[in-house]
1. Is it the case that I107 is β-branched (V, I, T) and within 22 Å of N3 (Cα to Cα)?
2. Are there any pairs, at least 6 apart or on different chains, whose C-beta atoms fall under 6 Å, with the first in the range 119-135 and of a type in the set (F, W, Y) and the second not in a loop (DSSP other than H, G, I, E, B), and if so, which?
3. Would you point out which residue out of E232, E258 is over 22 Å from K348 (Cα atoms) and not aliphatic (A, V, I, L, M)?
4. Of L264, L212, L239, L275, which residue is at negative phi, surrounded by 18 or more Cβ atoms within 10 Å (Cβ to Cβ) and among the aliphatic types (A, V, I, L, M)?
5. Could you please find all residues in the range 216-244 being over 19 Å from R262 (Cβ atoms) and either in a strand (DSSP E or B) or of a type in the set (F, W, Y) (or both)?
6. Among (1) at pLDDT below 95; (2) closer than 28 Å to Q198 by Cβ; (3) buried (at least 22 other Cβ atoms within 10 Å of the Cβ), which single condition is E298 missing?
7. Give all pairs with beta carbons closer than 6 Å in which a residue from the range 147-159 that is surrounded by fewer than 23 Cβ atoms within 10 Å (Cβ to Cβ) meets a residue that is part of a helix (DSSP H, G or I) and of a type in the set (F, W, Y); count only pairs at least 6 apart in sequence or on separate chains.
Amino acid sequence: MKNLKIVASHPVQYHAPFFKALTDSGLDIEVGYYHAGTAGRKGYDPDFGRDIQWDIDLLAGYPYRIFLNETGVYSKSEQIRIFMPMFGWALQDRSPLLLMGWFVEIIWLIWFLAILFRVPILLLCEMTPGSYAAIPKPAWRIGLLRWLVRHTDAGLFIGSQSRRVLTALGLTDERLFPTPYSVDNERFASAADLLKPQRARLCREYGLDEGLPTFLFCGKLIPKKHPLELLEAYHSAGLGRKAQLVFVGEGVLRARLEARVRELGLAHVRFLGFLNQSQMPLAYVLGHVLCLFSEPTETWGLVVNEAMACGRPVIVSDATGCAVDLVGKENGWIVPLHDQNVLVETLKHAYESREFWEQMGNAGREKISRHTFAHMVEGVRAALDTVKDSRGRK
């Protein structure tokens, strides 16, 4: 019997270090992946609009098994084909189950059967009220989800917004445990500290003006992240000659962004393209302030964690999942989503406050120090202890 079995969709660059931390803490875990994703191979990402292959090992440091070697196939026939192997693995020894969300129908069925077989269930929720409301759901599906959540032993929330979702779905406070969403702060901080003395050379290498304050966008160039609105605000704020705007990432909006840059005659906007995981600290050395103006479907925004770990202030929309937990006046700015006038004024204010950027970055580093994999592991262990106590009769 394992201390914990984890059911996840596919290997993800942000989850793998968490699973390794659980193993390193002494927990006997095993992760069951629905499909292989891009672990160890190239795969097409429609949002990036290109093939990608992560340059960190997504399967190292923890036990796992993969039930479907193909990538991203959620058809009914494939779910039926792998149901019995996945169901047998998940419930065979009644080990506690951690569900990393409710991403596909087969998980709902395993969840339901685990409740019937009285297998202890932990549920990690990444949703916000906004992202939950944005998904169309028939009434029966809402009712079923509420029933499943109410019969779940423990809910793990990544932030205050996901806690609100779990509470609304019926989990009481004594069954809620914080697992503050995290990146490898030490890796980002140490890499950034090594690169910062080389910033002048790196700016020349990437075609940037080392003397200009630099606003930074990191992520997929897709509508929900509003890179076009950022570009327009940068122009409207009169920053085109006084500051740089750097886009790191690829996506369907890149061509439109580049065309708009040419149309406006902006000489200090650069597109660096896709940077892999090990290269991301470079982005936060080149950029001074991270900007992320996402829709509610941005359930967290881990680039904010990364930027803060590298000592950079941030500007985020109020709809970005992490905003309320990570961003305050001491380390950044929160902008109402779709309020272009406020965004313009915020960029102006941020530019005029550049003498405080280092101080704000240090405050951000202090704040993000409470979002670590060690804290996530603490939440999981506390939930497991509570589940054991409540089911000691088994």
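The values are calculated or read from the model by the stated rules, or taken from the named source; none is laboratory data. The model shown is predicted, which means the values in this text are computed figures rather than measured ones. No Cβ is skipped: glycine too gets one built from the backbone with ideal geometry, and neighbour counts run over all protein chains shown.
1. Working: β-branched (V, I, T): yes; within 22 Å of N3 (Cα to Cα): yes.
Yes; evaluated as a whole, the condition is true for this residue.
2. These pairs meet every condition: Y132/V165.
3. Working: E232 fails: over 22 Å from K348 (Cα atoms).
Testing whether each residue is over 22 Å from K348 (Cα atoms) and not aliphatic (A, V, I, L, M) leaves just E258.
4. Values: L264 fails: surrounded by 18 or more Cβ atoms within 10 Å (Cβ to Cβ); L212 fails: surrounded by 18 or more Cβ atoms within 10 Å (Cβ to Cβ); L275 fails: surrounded by 18 or more Cβ atoms within 10 Å (Cβ to Cβ).
Residue meeting the stated conditions: L239.
5. L216, C218
6. (2)
7. Close Cβ pairs satisfying both conditions: L148/W111.
This table checks each residue for (1) outside the structural domain of A192 (by TED's automatic domain parsing); (2) in contact with a Pro (Cβ under 9 Å, 6 or more places away or on another chain); (3) closer than 30 Å to R164 by Cβ; (4) assigned to a loop (DSSP other than H, G, I, E, B).
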position	(1), (2), (3), (4)
V246	no, no, no, no
R262	no, no, no, no
V303	no, no, yes, no
E306	no, yes, yes, no
